[in-house]
Amino acid sequence: MEKMDGLSFDNIHDRIEELKRLFPEAVAEGRLDYDTLMALLGDEFDNENEKYQFTWKGKLNSLKLAQKRSSGTLRPDFDGSRDWDITGNL
């Protein structure tokens, strides 16, 4: 049985590895080369500077924070719940 480390799934690493597999020519020294990847995507890459965006100061940091692995665990609140056994809510 595989031992669990209690952390959330590391999807960033898996996504990067998938990009490396799909675009090996965009890998330089073991890392993805962003400019090469964008060039390989050609017209599929939206490089327009003028577009509507919903953004705010700190948005990039919040996206990075949301991608970090966490060790938090959600646990049911049996005592604070109403009709736990019959509602079927989680």
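A few remarks follow.
- For the range 1-28, a residue qualifies if it is closer than 16 Å to Arg69 by Cβ and of a type in the set (Val, Ile, Thr), and the qualifying residues are Ile12, Ile16.
- Pair list, Cβ under 8 Å, 6 or more apart: the range 54-82 residue within 25 Å of Phe9 (Cβ to Cβ) and touching a residue at least 60 places away in the same chain (Cβ under 8 Å), other residue surrounded by 10 or more Cβ atoms within 10 Å (Cβ to Cβ) and aliphatic (A, V, I, L, M): Arg69/Leu7; Ser70/Leu7; Ser71/Leu7
Yes/no matrix, rows are residues, columns are (1) at pLDDT 80 or above; (2) in a helix (DSSP H, G or I); (3) surrounded by 10 or more Cβ atoms within 10 Å (Cβ to Cβ); (4) of a type in the set (Gly, Ala, Ser):
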| position | (1), (2), (3), (4) |
| --- | --- |
| Met1 | no, no, no, no |
| Arg15 | yes, yes, yes, no |
| Glu18 | yes, yes, yes, no |
| Leu37 | yes, yes, yes, no |
| Glu48 | no, no, no, no |
| Tyr52 | no, no, no, no |
| Lys57 | yes, no, no, no |
| Pro76 | yes, no, yes, no |
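The values are calculated or read from the model by the stated rules, or taken from the named source; none is laboratory data. In this text the structure is predicted, and so the values were computed from the model without any measurement. Counting neighbours? That spans all protein chains shown, and the Cβs are built from the backbone with ideal geometry, glycine included.
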